[in-house]
Amino acid sequence: MPGDLSDPESFMPFYYDPKYDQMPNQFEPGADDTDGYIQSISFEAIGRKLGKNELETIKQRLRDKALFHGNIGDEKFRNEACKLIKQLNSARKVASRWLQI
């Protein structure tokens, strides 16, 4: 017996509905907002947002420590991200002072 005729997927099995593009990927929760989450941690830790290169550096270091495989809302992820952001900021300050000499 055919399905509901108002639903194109029931009578056209290969029909692609664009409404699925609007939904986030349920297998990667928060994947699209990882940058925003790290930026919010940065704003709380050092009072400014990170630049594009700094953000990529932090994300790469977090990947190296395998922290993206778990829940990014975990306190361990947040603490490590905060620590890395502060280290990067301190290295940036030291480098800028060294260039002034």
Checklist outcome for this item: Per the list (1) surrounded by 15 or more Cβ atoms within 10 Å (Cβ to Cβ); (2) part of a helix (DSSP H, G or I); (3) touching a helix residue (DSSP H, G or I) at 6+ places or on another chain (Cβ under 8 Å), residue check on Y37 breaks on (3)
Item to check | Out of I101, I85, sole residue that is on the phi < 0 side of the Ramachandran plot and modelled with pLDDT of 80 or more | outcome: I85
Checklist entry - If only one of L62, L50 is assigned to a helix (DSSP H, G or I) and at pLDDT 90 or above, which one is it? => result L62
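The values are calculated or read from the model by the stated rules, or taken from the named source; none is laboratory data. Since the structure is predicted, the reported quantities are computational estimates derived from the model, not experimental observations. All Cβ positions, even for glycine, are placed from backbone atoms using ideal geometry, and neighbour counts span all protein chains on display.
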